[in-house]
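Below is one structure; the comments refer to it alone.
The values are calculated or read from the model by the stated rules, or taken from the named source; none is laboratory data. All figures in this text were calculated on a predicted structure; none of them were measured in a lab. Ideal geometry is used to build each Cβ from the backbone, glycine not excepted, and the neighbour counts take in all protein chains shown.
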Amino acid sequence: MLGKSTHAPTPTHVPVHLIFNATQRSCLIEATWKSVPLIYNSASPVMSYWARQHSSCKRQTQVVPGWHPCSICIPRSKWVLSRKHRADRPFHTTAVGHRLVSFLLADIGEGIKEVVIKEWFVSEGDTVAQFDSICEVQSDKASVTITSRYDGVIRKLFYDVDDTAFVGKPLVDIEVSKEDDSVGAEVQEGEAISVGRPVEGAVIEPGNFTLPTGKILTTPAVRRIAMEYKIDLYDVQGTGKDGRILKEDLLQYIERKKSGVKAPVSSTPTSPTVATRQTAAPTPALQAPPTLPPSIPVFLGEDKDETITGFQKAMVRSMTHAMKIPHFGYCDEIDMTILVNMRKELKAMAQAHGVRFSYMPVFIKAASIALSHFPVLNSSVDEKCENIKYKASHNIGVAMDTSEGLIVPNVKGVQRLTLLEVAAELNRLQELGSRGALKTQDITGGTFTLSNIGSIGGTYAKAVILPPEVAIGAIGKIQALPRFDAAGNVTKAHIMQVSWSADHRIIDGATMARFSNLWKSFLENPATMIMHLK
Amino acid sequence: MMSLRNIANMSLNIPLRAVVGGTNLLGSGTNLSNTGIVGCATNVGTQDSSRIPFNRGVFISQSTNIYSNLAFEDWLYKNWSFEKRNVMFIWQNSPCVVIGRHQNPYVEANLQYLESAGVPVVRRNSGGGAVYHDEGNLNCTFFTTRDRYNRKENLEVICQALQEDFGIQAHVNHRDDIIIGQDFKVSGTAAKLGRQSAYHHCTLLVRTNKQQMKLALQGDKNIQSKATASIPALVMNLHDANEDISVQKLISSIGRKYLESSTKGIDASSQQMYQLSNGYTLINPTDDWFPGLAKVEAELSSYSWLHNKTPRFTITRPVTVPECVAHNTTVNIAVQVYHGKVEDVKIASQDVCPDVADLINEIGGALKGSQYTPAIFNDLASRMRLPQPLRNQRSVM
């Protein structure tokens with residue numbers, strides 16, 4: 001992929017060169033998709049042929065049994081490599097091959113030393129992927145499913161059904177591709193059953209032919225970028241899992257290169273997994289403080305799949321249910337000039353009582369007064385819409401946007417509360433809501449809802465009724481707009497829009513309109529509310 | 001009905017107080033309402049999630065169908081992640097016998113009696129022994145992630161609940177049974193562990209019909225096999241220890257204890273934990289609410305799951321040779337069965353006349369590979385009467 005296969009071998013380039021050779025020689029490579037991009041080399045028609053051949057194959061291809069590149073020089077039975085040996089041995093042209101790994105029975109827990117094999121899910125010669133079920137064992141009362149740690153082909157089963165298997169002893173032999181970096185992963189689930197001894201902190205030295213496996217873990221997207229920028233991936237320090245090179249690593253490298261800081265030589269030597277685990281933590285070589293990269297090419301984002309769960313899922317259900325109600329909308333605009341002018345005084349008065357003032361309590365109280373004239377709006381219908389229950393108490397819900405999402409607590413019995421009391425209650429609910437500490441009774445039992453979406457923005461909205469209610473109002477923002485006054489002159493007026501939605505099965509447009517007019521009149525001329533004070 | 005209020009419930013993790021306190025919990029027990037999940041079931045990263053490691057929820061099944069309940073248990077195990085929450089699933093069944101995953105139904109249960117009584121025999125997914133369920137028996141399944149799997153901890157919750165609410169002194173023995181007194185067993189345990197999730201379930205004898213249990217669990221003793229054997233034990237009902245106890249009360253007691261207990265040890269003063277955990281959810285295990293459930297249910301109730309998962313066993317029975325073949329001869333025949341299919345038919349007695357032996361071997365050879373049923377011995381005997389081509393036919397009657 002780096003187009004440098006004709007250079008004199010340097011540590012960073014030899015692997016490609018040799019893989020090239022190996023590819024020419026081998027008839028079949030067990031190529032996982034990870035290794036395929038490495039042999040992309042447009043200079044070599046042979047290589048690109050193989051690349052094309054294998055790029056469409058799935059994760060594993062079946063190795064032709066018997067034909068094993070390494071069996072030429074070393075009999076397969078001796079080919080269980082340990083890291084130590086690999087570090088000492090010079091790199092080998094037939095090194096692309098397979099390793100036989102003994103998959104040991106992991107510790108089940110509870111101090112259990114032996115289990116009984118109850119069922120095999122694989123047989124010799126089967127191809128398994130990581131996390132496929134291999135067998136089921138039983139220890140006393142626990143039935144445990146053992147899953148594979150590696151991708152590969154099962155070569156030997158050590159036990160039969162009903163045999164007693166021992167923890168820590170080999171369970172199956174799996175033949176894995178040598179390219180597979182997850183082989184030899186020493187630590188799994190908290191216990192250290194290792195395949196071979198890792199080489200402690202081996203560092204690559206230039207001129208030393210002990211080389212990495214030739215395998216860099218990255219995504220195709222990253223490789224593409226590296227190709228565009230003509231970057232040698234070996235130079236880039238991977239900070240992802242198993243030493244993966246992430247997009248960010250590449251970007252940092254690019255930017256560091258631009259700013260002239262020498263990038264650290266990737267110290268991923270022959271023992272890739274262990275050493276990269278050790279160096280996976282950010283190395284001290286990343287000293288340059290991250291500056292804003294001047295121009296980064298725009299990458300195509302990847303689609304992200306997420307299942308809808310929990311809160312969102314409940315929302316899906318509830319909204320679907322709500323949309324079974326035939327809604328109709330009625331909108332109007334309200335001249336809030338007088339109220340806006342009164343604001344300062346009202347605020348001062350409220351503060352005197354230790355209450356934070358906003359328009360919302362006024363809206364709520366006005367709505368309650370209007371509801372007493374139109375009780376059908378404060379009612380509830382059953383599922384089949386056969387019975388209406390006219391609710392006595394005006395429990396007016398206020399939609400709140402919290403970090404959790406939409407929550408609608410309600411103020412109970414607004415008809416018997418003063419404006420100040422409504423404001424105090426609203427404050428309490430808002431404070432609880434922001435902390436996520438609302439109680440069940442705060443949230444249930446609502447009969448009517450107001451949604452002040454205008455506090456965030458917007459004018460007209462189409463709100464969705466919350467069953468089992470029958471009406472909802474969405475209040476827009478207050479804007480200063482020019483309007484004609486009674487004398488016909490243009491004045492500045494504070495205008496607010498309101499959008500009502502109601503259940504058309506029991507509420508008709510006229511009722512809604514009259515209710516809205518009444519509510520509007522209270523707000524446009526607050527003095528009329530005095531007439532209805534209780 | 002799901003309203004935004006219920007959604008809000010979910011996000012705020014308020015337990016449904018109305019549900020707690022037991023007697024109206026399951027109603028008649030066979031109340032299969034149309035609402036699948038009443039109340040909140042899920043935990044979505046609460047604002048306090050950084051403080052509390054994870055939450056707990058209690059699911060209570062509204063069905064008493066053993067297949068639905070087992071299927072739901074399996075469904076939950078395979079389809080849910082228990083990273084953020086531990087779940088306890090409480091269920092009851094109408095009378096049935098449940099055997100462990102690797103057990104032999106012939107050994108464990110009196111299949112003829114149960115068939116005539118209309119009591120189903122079901123194989124579950126976890127290991128362990130055979131149990132008899134009826135309405136006086138309570139099952140609890142504790143779901144956790146693989147690394148949080150801890151049987152003792154779960155059983156401690158139950159013991160504490162029994163102690164605090166009913167004054168029953170129970171302790172857990174080395175086999176993870178709950179014992180009262182010296183050696184009366186009231187609960188048995190089994191578990192299943194997978195790569196990411198694990199569950200541990202146990203029974204609780206509250207007021208079971210011991211007579212029925214004894215009759216149901218009398219298996220065939222003439223079978224040798226390496227299948228998991230059930231260990232018989234003296235049992236008693238919790239009701240015998242405390243007259244006040246009932247299944248409903250026990251459900252609410254254990255549920256509350258479970259929700260209260262934190263991960264490290266159990267301290268009684270965990271009101272906050274109780275407040276913040278997810279509370280109770282009633283589950284109606286149907287396919288509408290849990291897609292894929294019907295498939296699991298079908299598999300569990302299939303003949304092959306019950307019979308063809310049986311480990312290798314050999315059953316030996318005396319067969320009377322028909323008079324037309326030999327006089328006064330009874331031969332012990334050993335039939336070896338693997339995964340429900342006859343593998344081998346051998347003669348188990350000595351001194352059998354060679355003609356009879358040949359006949360038996362011939363018929364035995366013909367029977368190899370057929371599905372095993374207990375009637376095979378009669379079949380063998382009747383085949384001995386038949387002439388040559390007929391007796392070796394695949395299926396005669």
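Table for the structure above
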| read-out | value |
| --- | --- |
| Test: residue in segment A:472-481 that is out of contact with any Cys (no Cβ under 9 Å at 6 or more places or on another chain) and part of a helix (DSSP H, G or I) | no |
| Check on residue A:144, crowded, with 22+ Cβ neighbours inside 10 Å and away from every other protein chain (no Cβ under 12 Å) | no |
| Residue A:129 being at the interface with chain B (Cβ under 8 Å from one of its Cβ atoms) and of a type in the set (A, V, I, L, M) | no |
| Filter result for residue A:358 (within 41 Å of the chain's Cα centre (by Cα) and assigned to a loop (DSSP other than H, G, I, E, B)) | yes |
| Segment B:177-200 - residue that is among the small types (Gly, Ala, Ser) and within 9 Å of chain A (Cβ to nearest Cβ) and, of those, surrounded by the fewest Cβ atoms within 10 Å (Cβ to Cβ) | B:194 |
| Residue in segment B:244-283 that is modelled with the highest pLDDT, counting only those that are more than 27 Å from the chain's Cα centre (by Cα) and among the aliphatic types (A, V, I, L, M) | B:273 |
| Residue within segment B:297-306 that is over 22 Å from residue B:122 (Cβ atoms) and not aliphatic (A, V, I, L, M) present | no |
| Which numbered condition residue B:171 misses (of (1) at pLDDT 90 or above; (2) more than 19 Å from the chain's Cα centre (by Cα)) | (1) |
| Those residues of segment B:161-176 which are surrounded by fewer than 22 Cβ atoms within 10 Å (Cβ to Cβ) and either within 14 Å of chain A (Cβ to nearest Cβ) or more than 13 Å from residue B:240 (Cβ to Cβ) (or both), in sequence order | B:163, B:164, B:165, B:167, B:169, B:171, B:172, B:173, B:174, B:175 |
| Evaluation of residue B:381 against (1) of a type in the set (Gly, Ala, Ser); (2) within 24 Å of the chain's Cα centre (by Cα); (3) surrounded by 14 or more Cβ atoms within 10 Å (Cβ to Cβ) (one fails), failing number | (2) |
| Residue that is nearest to the other protein chains (Cβ to nearest Cβ) [pool: residues in segment A:444-453 that are in contact with a strand residue (DSSP E or B) (Cβ under 6 Å, 6 or more places away or on another chain) and β-branched (Val, Ile, Thr)] | A:449 |
| Selection count where residues are among the hydrophobic types (A, V, I, L, M, F, W, C) and in a loop (DSSP other than H, G, I, E, B), scope segment B:282-302 | 2 |
| For residue B:139: the one exception among (1) over 18 Å from residue B:218 (Cβ atoms); (2) surrounded by 23 or more Cβ atoms within 10 Å (Cβ to Cβ); (3) at pLDDT 90 or above | (2) |
| Unmet requirement for residue A:324, which otherwise passes all of (1) more than 14 Å from chain B (Cβ to nearest Cβ); (2) basic (Lys, Arg); (3) free of Cβ contacts under 8 Å to residues at least 12 places away in the same chain | (1) |
| Count of segment A:386-443 residues which are within 14 Å of chain B (Cβ to nearest Cβ), in a helix (DSSP H, G or I), of a type in the set (D, E, K, R) and touching a residue at least 12 places away in the same chain (Cβ under 8 Å) | 1 |
| Residue list for segment A:482-517, restricted to those being more than 21 Å from residue A:465 (Cα to Cα) and either in a helix (DSSP H, G or I) or small (Gly, Ala, Ser) (or both) | A:486, A:487, A:488, A:493 |
| Any hit, segment B:292-306, residues being touching a Leu at 6+ places or on another chain (Cβ under 7 Å), surrounded by fewer than 19 Cβ atoms within 10 Å (Cβ to Cβ) and of a type in the set (A, V, I, L, M, F, W, C) | no |
| Residue within segment A:468-491 that is of a type in the set (Lys, Arg) and either within 11 Å of another protein chain (Cβ to nearest Cβ) or crowded, with 19+ Cβ neighbours inside 10 Å (or both) present | no |
| Boolean, residue B:233 is in a loop (DSSP other than H, G, I, E, B), of a type outside the set (Ser, Thr, Tyr) and either in contact (Cβ under 8 Å) with a residue 40 or more places away in the chain or not assigned by TED's automatic domain parsing to the domain that holds residue B:96 (or both) | yes |
| Answer from B:294, B:381 - the residue that is of a type in the set (A, V, I, L, M) and assigned by TED's automatic domain parsing to the domain that holds residue B:252 | B:294 |
| Residue in segment B:330-374 that is surrounded by the fewest Cβ atoms within 10 Å (Cβ to Cβ), counting only those that are touching a helix residue (DSSP H, G or I) at 6+ places or on another chain (Cβ under 7 Å) and among the β-branched types (Val, Ile, Thr) | B:347 |
| Identity of the residue in segment B:284-331, β-branched (Val, Ile, Thr) and within 20 Å of the chain's Cα centre (by Cα), that ends up farthest from residue B:229 (Cα to Cα) | B:286 |
| Selection within segment A:104-125 - more than 8 Å from chain B (Cβ to nearest Cβ), within 36 Å of the chain's Cα centre (by Cα) and surrounded by 16 or more Cβ atoms within 10 Å (Cβ to Cβ) | A:104, A:105, A:106, A:107, A:120, A:122 |
